[in-house]
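Student: Please read through the structure below; I'll follow up with questions.
Bear in mind that the values in this text are calculations on the coordinates, not laboratory data. In this text, all values refer to a predicted model and were calculated from it rather than measured experimentally. Neighbour counts are summed over all protein chains in view; Cβ atoms, including those assigned to glycine, are modelled from backbone coordinates with ideal geometry.
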């Protein structure tokens, strides 16, 4: 048997043993991204548990047939705030309809390069204010260093979450979640940045991902965020007009948003309706021209 024949038989055997799945080199593949987000959202709904997607660790698919794809995904997730690796099987037909065929806890991400120890929840990092001056310097240096390392054009968007360890002799260790634009493509990045006592910065890790997002893509922001305030005022005014009953804002309990040029705001707030207090969750969309629309207004326990 020739060397070519041996190679051919081996390849067929390997594909058969893996169920015909082939590794996807780019875990940022649009189909992989869509399948991963769908799997997490669907599992959240089925299990009635909060599941968030941290990153896609590995991805495989079968040979596409008439536009249909079959994905086998290794996902780094957080299930009720606990980091958990899972394997998800997702099918996508030629019309991009998705179906979650399997979901199970797995060791698929153990020891993988995509698993960044510094970003596990059980670390010594503590949350600090988004406006922390040291964090801002750390973010700017992280972007400068990552841009030089990858020869990419990366620009800073906004800080999503900031954590650091207990300062020691003037040194600091930051863990940053930022929105960035990488070569014209908006996204998120996780960065680990250390600063010595002489204010020299070192980027110890950088990971492109969807940090800070819930399973449905919303990010928690400060209650005082200007966009949240505008959206809350609009929601209260619009609902008051629709119902013919005056409402007023008492306080904002939780604020979330998603998007960049077109925004969606989800606001948990306490309102006053004719002397009675109610907890309301409102969703407001805003297009690129700042036109707002009240998507939903519901009584909720979101403030609990």
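Student: May I ask for the distance between the Cα centers of the range 67-82 and the range 225-304, given as a whole number of Å?
Tutor: 32
Student: Here's another thing I want to ask about it. Considering the zone a paramagnetic label at residue 144 would reach in this model (a point 7 Å from Cα along the Cα-to-Cβ line), which residues of the range 154-179 have amide N under 17 Å from it?
Tutor: Within reach of a label on residue 144, which here means backbone N under 17 Å from a point 7 Å along Cα→Cβ, the range 154-179 contributes 154-157, 172, 174.
Student: Report the gain in length on full extension from residue 99 to residue 200: 0.36 nm times residue separation, minus Cα-Cα distance, nm rounded to one decimal.
Tutor: 31.4 nm
Student: Report the label-to-label distance for residue 45 and residue 250 in nanometres (one decimal), using points 7 Å from each Cα along the Cα→Cβ vector.
Tutor: 3.3
Student: Something else about it: What FRET efficiency would be calculated for the residue pair residue 224, residue 151, taking the C-beta separation as r and a Förster radius of 30 Å, to the nearest 0.05?
Tutor: It comes out at approximately 0.20.
Student: Grab the alpha carbons of the chain, take their convex hull, and tell me the volume per residue in Å³.
Tutor: 183
Student: So if we plug the beta-carbon distance of residue 132 and residue 65 into 1/(1 + (r/R0)^6) with R0 = 45 Å, what FRET efficiency do we get, rounded to 0.05?
Tutor: In this case the efficiency is close to 0.30.
Student: Round to the nearest 0.05 the FRET efficiency obtained for residue 124 and residue 274 when R0 = 35 Å and r is the Cβ-Cβ distance.
Tutor: Efficiency, from the Cβ-Cβ distance: 0.10.
Student: Follow-up. Angle check, please: helix 30-47 long axis (alpha carbons) against the longest principal axis of the chain (alpha carbons), in degrees 0 to 90, nearest 10.
Tutor: Orientation of helix 30-47: about 60 degrees from the principal axis.
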